[in-house]
1. Could you tell me the calculated FRET efficiency between Thr347 and Asp215, based on Cβ-Cβ distance and R0 = 51 angstrom, to the nearest 0.05?
2. Using a Förster radius of 45 Å, what is the FRET efficiency between Asp127 and Val235 based on their Cβ-Cβ separation? Nearest 0.05, please.
3. Could you tell me which of rounded, prolate or oblate describes the range 80-126, using a ≥ b ≥ c as the square roots of the eigenvalues of the alpha-carbon gyration tensor, with rounded for a/c under 1.5 and, failing that, prolate when a/b is larger than b/c and oblate otherwise?
4. All other residues with a Cβ under 15 Å from the Cβ of Ala142 taken together, and with Lys, Arg as +1 and Asp, Glu as -1, what is their net charge?
5. Once the piece of chain linking Ser307 and His99 is laid out straight, how much longer is it, given 0.36 nm per residue of separation minus the C-alpha distance between them?
6. Where does each of 333-342, 130-139 land if you order them by average Cβ count within 10 Å, highest first?
7. Please turn the phi angles of the range 127-136 into ³J(HN,Hα) values with the Karplus equation 6.51 cos²θ - 1.76 cosθ + 1.60 (θ = phi - 60°), one per residue in order, whole Hz, x for glycine and proline.
8. In the neighborhood of Arg116, defined by Cβ-to-Cβ distances under 12 Å, what is the net charge if each Lys or Arg adds +1 and each Asp or Glu adds -1?
Amino acid sequence: MAGRLFLPQVKENLPISGLNIPLPGSKLLLASVARSGHRHNVEKMMTIPACLKKVGFFLILALLLTGCGSSNGTGSTPTASPGVLSLQITDATVDSAEHVYVQFRGLELQSSDGMRTALYYCEDPADATKTVVSPTACSTPAAPKQIDLLALNGGQADILLNGYTLPSGHYSWIRLMVDTAGIHDTYIVALGGADSELTIPSGSETGLKLNRGFDVPAGGSASFTIDFDLRKSVVLTGMGDYLLRPTLRIVDNTLVGTISGTVNPSLVPASCTPAIYVFTGAGVTPDDIDGIVPDPVTTAMVKLDSSSGAYRYKAAFLEAGDYTVAYTCQAALDNPITDDALTFSGTATVSVMANSNTVHNF
């Protein structure tokens, strides 16, 4: 009989610290013993001590909080979606060379939280004629990109990354990893055809670093261009050696425009090495490249269009804003590490809008 008294046939809510908790068999028990006169004793037996009430309260609270921790039951914190990065390289050309080859074996990026991502150019295991980007050192033969920067002027560019998926967020810098130790990995072909190795101070150890940050949006894409300005970068030493002291800038491709136009043939005599110098801001007094403000943000070659007989130029990848443009016939005399007296003409202020071209003729 006693065994039946405690079967959970009916539930009754008894208060525990403000919470109603079902106690199995309570009504059945009380009804069964009422006739015996022991109801008071049974009720006393069923009284829950205060300490157990507190334990029950905190136990239930913990269970409730655990249940609310995650809608998917895992309790994990959601992470931001990755983003897609595209990166290309361009050049403002130099007059003293026919080709300037730079060999890139990969690149490295550092996020604002200190995480570094190294990417390497490797031979595609499925097709040896193709290159893949690997987040680890190459398991197949390395396939570095050797790019003739001199071919990338007037708005031309070569791809470094084509839609590569990365963790989204802010990146503090990019480092281009350059090969300089071998023969004909990074070198220059001067006017006339003689070639010389290009020495990049600390290039093999530290690469070419751009300290301007950028963002890769979560679930979106970002596209940037690195401007490798050879006119500012190639230096012929007194020993006849060539140094490459890279001057790099990076721009968002969605925020840039161009300046283009023609130059009157009367301004281009036979002995001339014509170029357009572009300075950031309005009303700038033009000066040579010497590492002292104002240095041009970029330069553009002036080339003869054989089909029309016109001399044309194009300065590309310029962020929206005002610029001062100036023409010189003495670009070949501009040594980037010395102060040279160049003559400029046709100085004017022009405005650039994103995704558009501004025409200015000299």
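A short reminder: the numbers here are calculations on the coordinates, not readings from a lab. Note that this is a predicted model, so its numbers are computed, not measured. Positions of Cβ are backbone-derived with ideal geometry, glycine not excepted, and every protein chain shown enters the neighbour counts.
1. Values: r = 36 Å, r/R0 = 0.70.
That gives a FRET efficiency of 0.90.
2. Numbers: r = 40 Å, r/R0 = 0.88.
My answer for the efficiency is 0.70.
3. Cα axes put the range 80-126 in the prolate bin.
4. -1
5. Values: separation 208, 0.36 × 208 = 74.88 nm, distance 2.43 nm.
Value of the extension gain: 72.5 nm.
6. Peptide ranking by packing, descending: 333-342, 130-139.
7. 7, 5, 8, 10, 10, 10, 9, 10, x, 10
8. Values: positive: Arg175; negative: Glu108, Asp113.
So the environment of Arg116 carries a net charge of -1.
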